[in-house]
Amino acid sequence: MEQRDGAENGKGSSCSRVIMIALNGGAKSKHIVRWAMEKFIPEGKVAFKLLHVFPKITGVPTPMGNLIPLPQVRDDVAVAYKKEIEWQRTEMILPFQKAINLKKVQAELVLIESDDAAVGIAKEIAQHGIKELVIGASSNGLFSRRVKGQLLSSVISDCAPKFCTVYVVSKGKLEALRPSNTETNGNIVEYDSTATNSTNSSSRYTNSTFDPGSTYSESPSASSPGVKHPDSLSTVKHGFNNNSGMDSTELASFQSANTRNVDDVSSSSFKTVNADNESWITDQASTGISRCGQATASRSQTASSETQGNINIELEKMRIELRHIRGMYSIAQNEAIDATRRLGDLSKLRNEEATKLKEINEKEEKAKELAKVEKEKFEAAKREGDYARERAHREVMHRREAEQNAARDVKEREKLKNVLGDPVYHYQKFTWDEIVSATSSFNEELKIGEGSYGCVYKCKLHYSTVAIKVLHSKEGANSKQFHQELEILSRIRHPHLLLLLGACPEQGGLVYEYMENGSLEDRLFRKNDTPPIPWYERFRIAWEVASALAFLHNNKPKAIIHRDLKPANILLDHNLVSKIGDAGLCTMLNLDPSSLSTLTLYKDTSPVGTLCYIDPEYQRTGLISMKADVYALGMVILQLLTAKPAVGITHVVEDAIKGGRLMQMLDRCGGRWPLKETAEMALLGLQCAEMRRKDRPDLKNILPTLERMKDIAEKARNLVAKILVAPPSHFICPILKDVMDDPCVASDGYTYDRRAIEMWLKDNDTSPTTDFPLSSKNLIPNHTLSYAITEWKSKRRIRNGNN
């Protein structure tokens, strides 16, 4: 196998002189190239062939150090391994080619695959007619390798064609010369590197060995009378000190190109490569000697004749052998480094593939997790649907059972009424003197309200705060309105109907529970600069009023119609809980259970109530029905949203909804209204306030919507309550401005959080509160305050958990 490379390939024939340099790429190769450049470049136009011989590839090594025979390896692997070896060999010789090209001289790389280095070199010389060959020589030493009594350099010299002159270089100087047959009879001439070009220098025929660790080596063996000293040998004395050769930059380039770090090379890889190289060298020597045996045998006999001289020669050869072994070690290191680099590349590729596989596995796991989550969601939704259906079925059954029980209770109650006669009114009777005494003889300062039928006073009665309504005249005590209100309020109880505590029927006095926040009308229009009502409280009030009306309408056996529902008759307690009062204008309808689901009940009465809240059809026809209270409820809802007078409010709100200006119509004092729920509430109010009663919804359809609104409002109220809960001021640390965790008293008498005051005392000697110097930095734990803070935090957690 032969490979040629280089920019100068094919141009050597144009030069009058072609010099072949045999290299192995080791550290000593630079001396050979340098000597050749200093020797031949000044002599005229020349071209160089850089020859490198490496053993034939018979197998592919494994990471474990084994060698797999080439026939047992796939073709693509074998080809790739061969290309890798060729690339490594080329990279090893390439720096020398670049150094020669820097001198503007042509240089060609020649790679030869041969198990016999001498034969391969001789064949290359004969094929291309090379007349001058430069090889390297290793000095004789104690460990110099000998094969059948001969050195490999001698074999190369003998096998080289006789028309070729062979230069043997050691340490940058010419050590031996074998002239061509045109100059002498083919003897190898040896020059001592320390001697001058004089007649006293010792010239002897030598046996040479091929040194794979450094260069081709030549060592002196015997003298020869046929020594030729060319004139050019005078340049040998200059050595590396000659400035006409490569400069320091070129030498650094040579050094950096051929020196490699071998610290990371594994011992197993080195041993394998070293063993392979030693066996290859032995095979080369054996093959070369077998082919050129006759020529080397004669020189071996001549060398053995001089016993005394051979002792010194053997010592020198042992030194050469030591350098030879070092060279082989360097080759093994380089090859091990290359193998390590390739192993690193393969490991990197393996890691990349492993990373990709890991990413794929992670994506697969994520997809499985997502599918699992979706499956769990589906199963949960299915369970919730089954539970909802089961719960709805149970509620239907419970409702049916409750309706049956209610009907049975009504019948039993009717029987009791028939047996007992007229019902007994449940209220406490007060004397007129008690009423006068409680009101301080109707003191004007106690008056909190006045209407067309009487005045209302706030006073204390039997140690309770109550509201007493007193009619203007005693004749009012005998009026139908007074007795009707007394009858209705004494018989019914509901959380959102004003509670009647007692009465003085003879003088026309009614005693009610006191509602601290007055009427809804006063709070909506902020009479006496009262605080505004938040939107979530207004949603709740709407539901409470509707639930009280539903209770009145479902009263048995007679339904009660309020007929005068308006914000002035809706009273608020200290928690803004609403209650409907003033039942004096209420009227009753006889209920027929068989006709409740098919007919709308009416009663022909004279229109009463407050303008703007009276049902238009009732005002026009005098026929009253439950839908009259629904109309008033719609007006109250619209006023809760807008806090505007009732006159024309339906038209204003309707126009605002159509024009997309509803939020501008809302009462800004109510806070941040939820747009969706507020719009739904406004539409519900407009539906209740329709002109025709048949277009208005029933209370049973209104209550679910208002109850949903109430739940939304309750959540908003709880959220605001959590935000507004503030700790007592003495729980706050003066430094942190937050609740203390570990309160302690400083020498200034103030209580601080321990961590905060300790940080303060590190840099200050004054009180953080008074700014006066502290008498001491001692801190006393405030256990009482710590217990109070702990108790407060515990209660707050419980309250937040319940909300």
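Where a number appears in this text, it was derived from the coordinates with a stated rule and is not lab data. Everything quoted here is computed from the prediction, not taken from an experiment. When we count neighbours, we look across all protein chains shown, and the Cβ atoms used for this are built from the backbone with ideal geometry, even at glycine.
The length gained by stretching the chain between GLN664 and GLU412 to full extension, at 0.36 nm per residue less their Cα-Cα distance, is 85.3 nm. Quarter the surface of the alpha carbon convex hull of region 426-508 and you get the mean projected area, 5.5 square nanometres.
A simple packing score, the average count of other Cβ atoms within 10 Å per residue, orders the peptides 18-26, 656-664, 397-405, 621-629 as 18-26, 621-629, 656-664, 397-405, with the highest score first. Between the amide H of GLU175 and those of VAL168, VAL169, SER170, distances stay under 5 Å, these residues lying 5 or more places away or on another chain, with hydrogens modeled in the peptide plane.
In this simple spin-label approximation, ASP771 and ARG493 carry label points 7 Å from Cα along the Cα→Cβ vector, and these lie 6.4 nm apart. In order along region 463-473, phi translates into HN-Hα couplings of 6, 10, 7, 9, 10, 10, 9, 10, 6, 5, 9 Hz, rounded to whole numbers, per the Karplus curve 6.51 cos²θ - 1.76 cosθ + 1.60 with θ = phi - 60° and x for Gly and Pro.
Most tightly packed first, judged by the mean number of other beta-carbon atoms within 10 Å of their residues, the peptides 39-52, 761-774 read 39-52, 761-774.
Amide H contacts of LEU499 (H built 1.01 Å from N, in plane; Pro and chain starts excluded): GLU513 sit under 5 Å, all sequence-distant by 5 or more or on other chains. A Förster radius of 22 Å, combined with the Cβ-Cβ distance separating GLU43 from LEU94, puts the computed FRET efficiency at roughly 0.30. Calculated FRET efficiency, LYS429 to ASP738, Cβ-Cβ distance, R0 = 51 Å: about 0.30 to the nearest 0.05. Rounded to the nearest 20, the Cβ-based charge dipole of region 13-52 about its Cα centre (Lys and Arg +1, Asp and Glu -1) stands at 60 debye.
Phi angles of region 100-108 translate, via the Karplus equation with coefficients 6.51, -1.76, 1.60 and θ = phi - 60°, into HN-Hα couplings of 5, 5, 5, 8, 6, 10, 6, 8, 10 Hz per residue; Gly and Pro are given as x. Going by neighbour counts of Cβ atoms within 10 Å, the residues THR650, THR751 line up, fewest first, as THR650, THR751. Can you figure out the FRET efficiency of ASN764 with LEU370, using R₀ = 60 Å and their beta-carbon distance, to the nearest 0.05? Rounded to the nearest 0.05, the efficiency is 0.55.
The order of the peptides 67-80, 432-445, 315-328 by mean Cβ neighbours within 10 Å, most packed first, is 315-328, 432-445, 67-80. Sequence-ordered 3J(HN,Hα) estimates for region 732-743 from the Karplus curve with 6.51, -1.76 and 1.60 and θ = phi - 60° stand at 8, 6, x, 8, 7, 6, 9, 5, 6, 9, 9, x Hz, glycine and proline given as x. In plain terms, the chain from GLN72 to ASN528 could stretch by 153.4 nm, reckoned as 0.36 nm per residue minus the Cα-Cα distance. Label separation (ILE360 vs GLU450): 9.5 nm, computed from points 7 Å beyond Cα along the C-beta direction.
Beyond 22 Å in Cα-Cα separation lie the following of the pairs LYS480/LYS558; LYS447/LYS527; LYS56/LYS171; LYS49/LYS173: LYS56/LYS171.
Close amide H contacts of LEU461 (hydrogens built in the peptide plane, cut-off under 5 Å, sequence separation of 5 or more or a different chain): VAL466.
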